[in-house]
Amino acid sequence: MNLVEQPITDESFIQNLIPQKWPFVMVDKLFYFSNEKIVSGFAIKPNDLFTDNNYFQGPGLIENMAQTVALHTGYSYFLKNKEAPTGYIGSIKKAEIFNLPKVHSELKTTVVILHDIMGVTLVKVEVQCEGKIVATSEMKTVLAK
């Protein structure tokens with residue numbers, strides 16, 4: 001069940017939920033949140049760190065995936081009125097990038113939590129742009145103690 005009644009588009013609120021700070025922020029919206037799933041959004045701007053020749057590059061897509069996982073952790077802790085711990089990418093498996101999205105397009109990233117045990121989370125990620133899948137991966141993230 002989605003615990004977000006309306007999309008959260010307040011960028012400063014979103015940035016307070018993740019450890020990354022500008023210019024390294026690759027999520028700016030929260031569309032869906034449950035214990036098992038999150039959907040984030042990101043509007044690609046010309047001055048974004050991973051934009052080159054009018055396209056958002058692969059490292060930006062990977063970072064968008066990881067930050068969506070961080071957003072899940074951050075919002076989960078926000079709902080508990082607690083400060084979220086910092087997390088790190090433990091591993092990336094089966095990452096595929098099919099297309100590089102253009103500047104001024106919108107990413108919609110869906111993360112499904114496959115396992116979450118003792119601060120280690122295994123997720124499946126799909127990034128869409130304009131209704132088409134542009135990247136997928138499986139990631140393992142680890143929370144700092």
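Values quoted throughout were computed directly from the atomic coordinates according to the rules given, and no laboratory measurement underlies them. Note that the structure is a prediction, hence the values are computed from the model and not measured. Heads up, the Cβs are rebuilt from the backbone with ideal geometry, glycines too, and the neighbour counts pull from every protein chain shown.
Descriptive notes on the structure:
- Residue within the range 71-84 that is exposed (fewer than 13 other Cβ atoms within 10 Å of the Cβ) and in contact with a Leu (Cβ under 8 Å, 6 or more places away or on another chain) present: yes
- Filtered by the rule that a residue be part of a strand (DSSP E or B), touching a strand residue (DSSP E or B) at 6+ places or on another chain (Cβ under 9 Å) and without any contact (Cβ under 8 Å) to a residue 24 or more places away in the chain, the range 115-145 gives HIS115, ASP116, LEU122, LYS124, GLU126, GLN128.
- Residues in the range 14-44 that are farther than 14 Å from SER105 by Cβ and of a type in the set (Phe, Trp, Tyr) were compared, and the one that is surrounded by the fewest Cβ atoms within 10 Å (Cβ to Cβ) is TRP22.
- Across the range 82-114, the number of residues qualifying as under 15 Å from PHE50 (Cβ atoms), of a type in the set (A, V, I, L, M, F, W, C) and touching a residue at least 60 places away in the same chain (Cβ under 8 Å) comes to 1.
- Cβ-Cβ under 6 Å pairs, at least 6 apart or on other chains, the range 45-70 side closer than 13 Å to THR110 by Cα and touching a residue at least 12 places away in the same chain (Cβ under 8 Å), far side in a loop (DSSP other than H, G, I, E, B) and hydrophobic (A, V, I, L, M, F, W, C): ASN64/MET26; GLN67/ILE18; GLN67/MET26; GLN67/VAL27; THR68/VAL27; ALA70/ILE18
- Residues of the range 1-28 that are part of a loop (DSSP other than H, G, I, E, B), more than 22 Å from VAL123 (Cα to Cα) and aromatic (Phe, Trp, Tyr): TRP22 alone.
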